[in-house]
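One structure is given here, and the rest of the page talks about it.
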Amino acid sequence: MREKVSPPKPEDKKKRFIVVKKRPFFTTTTRIVCPYCGNDEDFWEYAEGVTIKTHYIQNEDGSFSPISDDTQIFGEIRFICGKCNSDLTKYHKQFLEMLF
Ligand SMILES: [Zn+2]
């Protein structure tokens, strides 16, 4: 005689553990480190489709002084590791926040 072994019934009451993950405040600067080669010094910003329009005033001596520049970027901006050329565009926002 064989008994059927039924799998244990799941409990009706599911216990839920809600883990609240709080992002720590950036008390110290989080440096961008290339996850591929560990480079944390050299980076390139690469922009495609850039129109650079600079307004100059010609001075009396024939030299020019820039008044304003109106640079427009139409394409994609990529952020690239300066050592292994990996695409680190996901860090570009952080780069802009840390750009002074
Ligand atoms: Zn790298």
Whichever residue in the stretch 34-49 is in contact with a strand residue (DSSP E or B) (Cβ under 8 Å, 6 or more places away or on another chain) and among the small types (Gly, Ala, Ser) and, among such residues, is farthest from the ligand (Cβ to nearest atom): Gly49
Pairs where the first residue, in the stretch 35-49, is farther than 9 Å from Cys84 by Cβ and free of Cβ contacts under 8 Å to residues at least 24 places away in the same chain and the second is exposed (fewer than 12 other Cβ atoms within 10 Å of the Cβ) and not hydroxyl-bearing (Ser, Thr, Tyr), C-beta under 7 Å, 6+ apart: Asp40/Arg31
Condition broken by Val5, with the remaining ones in (1) within 16 Å of the ligand (Cβ to nearest atom); (2) modelled with pLDDT under 95 satisfied: (1)
Residues that are β-branched (Val, Ile, Thr) and modelled with pLDDT of 90 or more, drawn from the stretch 17-49: Ile32, Val33
Subset of the stretch 62-85 (residues that are of a type in the set (S, T, N, Q), more than 12 Å from Val50 (Cβ to Cβ) and either within 16 Å of the ligand (Cβ to nearest atom) or touching a residue at least 12 places away in the same chain (Cβ under 8 Å) (or both)): Ser68, Asn85
The stretch 51-92, subset β-branched (Val, Ile, Thr), more than 19 Å from Thr30 (Cα to Cα) and modelled with pLDDT of 90 or more, residue nearest to the chain's Cα centre (by Cα): Ile77
Test result for Ile52, aliphatic (A, V, I, L, M) and within 16 Å of the ligand (Cβ to nearest atom): no
Test result for Phe95, among the hydrophobic types (A, V, I, L, M, F, W, C), modelled with pLDDT of 90 or more and not in a strand (DSSP E or B): yes
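The values are calculated or read from the model by the stated rules, or taken from the named source; none is laboratory data. Small disclaimer: the values here were computed from a predicted structure and weren't measured. In this analysis, Cβ positions are derived from the backbone assuming ideal geometry, glycine residues included, and neighbour counts consider all displayed protein chains.
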